[in-house]
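Novice: One structure is given below, represented as structure tokens, and several questions about it will come after.
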Amino acid sequence: MRVDRRWLARAGAALFALALLYPLTALFAHIGPWQWGGDVRGSALSSVRVSLLLTGCAMVIIVAVGTPVAAYIARCRIRERLFWQAVLLVPILLPPLALGILLTLAFGPHGTVGKCLEHFGIVMTNSAAAFVSTQIYVGVGYYVLGAVAAFDAVPLTLQNQAALLGLAPRKVFLRVTLPLSRLGLAVALSIAWVRTIGEFGAVVVTAYYPSGMPVQLWVNLQSFGLPAVMPLLVVFLAAALPLPWLVHVLAQRQRHA
Amino acid sequence: MLKAHIVKKRCEITVNVSLELDKGSSLGLFGASGAGKSTILACIAGIEEPDDGYVKLGNLQFFPPSLPLHKRHIGYLTQEPGLFPHLRVSENVSFGISNELAADKEHSHWIETLRDRLQLAPLWHAPASLISGGQARRVSLARMLARKPPLVLLDEPFAGLDRQLVRELIDDLIFWSRTLGFSMIAVDHQAEVLKRLCPEQAIALEAGEIVQRGKWDELCSTPATPLLRSLLTPL
């Protein structure tokens, strides 16, 4: 009997998908009853609040600063663009722990900027400001590089045509470039979101307190073991995954429409 | 009145051309691929900046210094209709029109006239991304005319269209140029298109330089160079 090659390929892809999703079965592992009471519950809920609120703040700043920067880079000539892209890659390529240590030293009481900020009462270690600034460093490179790619995908001919039809550059950006790149921007934002909300290495150095979800997961693991980790892990996945997943699905639907 | 002297170095050639065009008249630029025809239009439109020379339309100095695109008030049609895919046909046609002008009754009537004359009524509310290539050319023509530009630049806007549609679009352009009195510079590979659009004035280009100027009939009857003769000879 001859087997359709397409079915063989489909079976191979299904096996690959199973292997990829297999770790999620650990959510049903027999590790005893999950702990969700007393200290565990309070600290877990606090970490959820910290992560969602402060990551939200970080994302607002990333978008507000990163979008115009990306728009500028997208219009640069190739040499200048390569320079800016190389700069943006630095925080992405730094090992998270190394980034955390560097941020603590640079913005801590021993750094020039840190001293200056302390003068104004802004403490950059173990504070909300430290948490947000670390997340900005972690996520901004991902967002800006993604946004540059999104702006690149908007044909220059359309932007020129809009200008020739009488629109000033700011209006061309708002009425043509931004709407046509919105899904690319959303993808960039979702990647930055999932990267920042899940950041552990850098944040554990700069902002052990207030603890976000990744740090709290680690604390729970060290202090109470796996049964205290699982409830928070479920909440963490529910908070971090839906946005990028949904955006990715929407982007693919539009591409194939 | 358009006055221009454009010097622009390309990969292998240097475009070096002087043009003058009276208000309401039309000019056809003819030549082989790579002769510099589109470069001239791009320099006038401001898509490219000349290396040297000047471009002036009436009292408005386009170059030097380079005037921003949105202040030039010209129409520019290319091979690509360049419609905004996230907008409807009606929104494309009204694109760039100020709110005050859009609210004006006379302007609304003008848009309706364009819509009816260019047979856009059936697709007026359709998304621009879903209309055919021929319909898109009509929409881009309507969009350009909606602002009543004093100068229209046509860079092979009929490429890839069937002859019937090309004939209709040419007739529309001639009709509107007479009605609105705009000047027109057209570039095309097909001599017959330019002959119909711009019978009075033609310029033949080779390697960025003008090799012949005159009426289309003169160009066709006594081409100045062997290449020009070859280009004008039917297949």
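The values are calculated or read from the model by the stated rules, or taken from the named source; none is laboratory data. This one's a predicted model, so the numbers in the text were calculated from it and none came from an experiment. In this analysis, Cβ positions are derived from the backbone assuming ideal geometry, glycine residues included, and neighbour counts consider all displayed protein chains.
Residue by residue, here is whether (1) of a type in the set (Phe, Trp, Tyr); (2) touching a Lys or Arg at 6+ places or on another chain (Cβ under 7 Å); (3) farther than 24 Å from A:ALA168 by Cα holds:
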residue	(1), (2), (3)
B:VAL93	no, yes, no
B:HIS109	no, no, yes
B:PRO127	no, yes, yes
B:LEU130	no, no, yes
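Novice: Which ones in the stretch B:143-171 are away from chain A (no Cβ under 12 Å) and closer than 24 Å to B:ILE40 by Cα?
Specialist: B:PRO150, B:LEU154, B:GLU156, B:PRO157, B:PHE158, B:ALA159, B:GLY160, B:LEU161, B:VAL166, B:LEU169, B:ILE170
Novice: Further question on the same structure: For the stretch B:110-136, give me the residue count where each residue is surrounded by 13 or more Cβ atoms within 10 Å (Cβ to Cβ) and among the small types (Gly, Ala, Ser).
Specialist: 5
Novice: I've got another one for you. Of the residues that make up the stretch A:108-125, is at least one buried (at least 16 other Cβ atoms within 10 Å of the Cβ), in a loop (DSSP other than H, G, I, E, B) and within 14 Å of chain B (Cβ to nearest Cβ)?
Specialist: no
Novice: With respect to A:CYS57, determine if the residue is part of a loop (DSSP other than H, G, I, E, B) and under 30 Å from A:LEU185 (Cα atoms).
Specialist: no
Novice: So is A:LEU45 without any contact (Cβ under 8 Å) to a residue 24 or more places away in the chain, assigned to a helix (DSSP H, G or I) and loosely packed, with under 10 Cβ neighbours inside 10 Å or not?
Specialist: no
Novice: What are the residues in the stretch B:151-188 that are farther than 15 Å from B:LEU77 by Cα and either at pLDDT below 90 or not aromatic (Phe, Trp, Tyr) (or both), if any?
Specialist: Matches in the stretch B:151-188: B:ASP162, B:ARG163, B:GLN164, B:LEU165, B:ARG167, B:GLU168, B:ASP171, B:ARG178, B:THR179, B:LEU180, B:GLY181.
Novice: Give just the number: which of (1) within 23 Å of B:VAL7 (Cα to Cα); (2) touching a residue at least 60 places away in the same chain (Cβ under 8 Å); (3) of a type in the set (A, V, I, L, M) does B:LEU231 not satisfy?
Specialist: Of everything listed in (1) within 23 Å of B:VAL7 (Cα to Cα); (2) touching a residue at least 60 places away in the same chain (Cβ under 8 Å); (3) of a type in the set (A, V, I, L, M), B:LEU231 misses just condition (1).
Novice: Then there is this: Of all strands (runs of 3 or more DSSP E) completely enclosed by the stretch B:1-90, which ones contain at least 1 residues that are without any contact (Cβ under 8 Å) to a residue 40 or more places away in the chain and surrounded by fewer than 20 Cβ atoms within 10 Å (Cβ to Cβ)?
Specialist: By residue number, B:14-21, B:60-63.
Yes or no, residue by residue, for (1) outside the structural domain of B:VAL15 (by TED's automatic domain parsing); (2) touching a Phe, Trp or Tyr at 6+ places or on another chain (Cβ under 8 Å):
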{"residue": "B:TYR54", "(1), (2)": "no, yes"}
{"residue": "B:GLY58", "(1), (2)": "no, no"}
{"residue": "B:GLN61", "(1), (2)": "no, yes"}
{"residue": "B:PRO65", "(1), (2)": "no, no"}
{"residue": "B:GLN79", "(1), (2)": "yes, no"}
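Novice: Please specify each residue of the stretch A:156-170 satisfying the condition of being more than 8 Å from chain B (Cβ to nearest Cβ) and surrounded by fewer than 18 Cβ atoms within 10 Å (Cβ to Cβ).
Specialist: Those that are more than 8 Å from chain B (Cβ to nearest Cβ) and surrounded by fewer than 18 Cβ atoms within 10 Å (Cβ to Cβ): A:LEU156, A:ARG170.
Novice: Among the residues of the stretch A:171-188, count how many are facing chain B (nearest Cβ under 7 Å), surrounded by fewer than 21 Cβ atoms within 10 Å (Cβ to Cβ) and aliphatic (A, V, I, L, M).
Specialist: Looking only at that region, the number is 1.
Novice: Would you mind stating whether B:LEU153 is in contact (Cβ under 8 Å) with a residue 24 or more places away in the chain, surrounded by 15 or more Cβ atoms within 10 Å (Cβ to Cβ) and in contact with a Ser or Thr (Cβ under 7 Å, 6 or more places away or on another chain)?
Specialist: no
Novice: Can you pull out the helices (runs of 4 or more DSSP H) entirely within the stretch A:154-257 that have at least 1 residues that are out of contact with any His (no Cβ under 6 Å at 6 or more places or on another chain) and in contact (Cβ under 8 Å) with a residue 24 or more places away in the chain?
Specialist: A:182-197, A:201-206, A:213-223, A:226-240, A:242-256
Novice: Further question: Looking at B:GLY46, B:GLY36, can you tell me which residue is under 30 Å from B:ALA136 (Cβ atoms) and within 14 Å of chain A (Cβ to nearest Cβ)?
Specialist: Just one listed residue meets the conditions, B:GLY46.
Novice: So is B:ALA128 closer than 30 Å to B:SER230 by Cβ and in contact (Cβ under 8 Å) with a residue 40 or more places away in the chain or not?
Specialist: Taking the combined requirement at face value, the residue does not satisfy it.
Novice: Can I ask one more? Pull up the stretch A:91-130, narrow it to residues that are in contact with a Leu (Cβ under 7 Å, 6 or more places away or on another chain) and farther than 24 Å from A:LEU145 by Cβ, then point me to the one that is modelled with the lowest pLDDT.
Specialist: A:GLY111
Novice: Also: With (1) more than 8 Å from chain A (Cβ to nearest Cβ); (2) crowded, with 17+ Cβ neighbours inside 10 Å; (3) within 21 Å of B:PRO157 (Cα to Cα) as the list, and B:HIS107 as the residue in question, which single condition is left unmet?
Specialist: Status for B:HIS107: all satisfied but (3).
Novice: If we keep just the residues of the stretch B:78-104 that are within 14 Å of chain A (Cβ to nearest Cβ) and of a type in the set (Gly, Ala, Ser), which is farthest from B:SER38 (Cα to Cα)?
Specialist: Across the stretch B:78-104, the extreme among qualifying residues is B:ALA102.
Novice: Considering only residues that are of a type in the set (Gly, Ala, Ser), within 15 Å of the chain's Cα centre (by Cα) and within 25 Å of B:ALA224 (Cβ to Cβ), which ones fall in the stretch B:43-67?
Specialist: none
Novice: Can you report the number of residues in the stretch A:210-229 which are farther than 14 Å from A:TRP36 by Cα and β-branched (Val, Ile, Thr)?
Specialist: 2
Novice: Please count how many residues of the stretch A:1-42 are at pLDDT below 90 and surrounded by 13 or more Cβ atoms within 10 Å (Cβ to Cβ).
Specialist: The qualifying residues number 4.
Novice: Quick check on the stretch B:175-183. Is at least one of its residues within 21 Å of B:LEU41 (Cβ to Cβ) and part of a strand (DSSP E or B)?
Specialist: Within the stretch B:175-183 (the criterion being within 21 Å of B:LEU41 (Cβ to Cβ) and part of a strand (DSSP E or B)), the answer is yes, since at least one residue qualifies.
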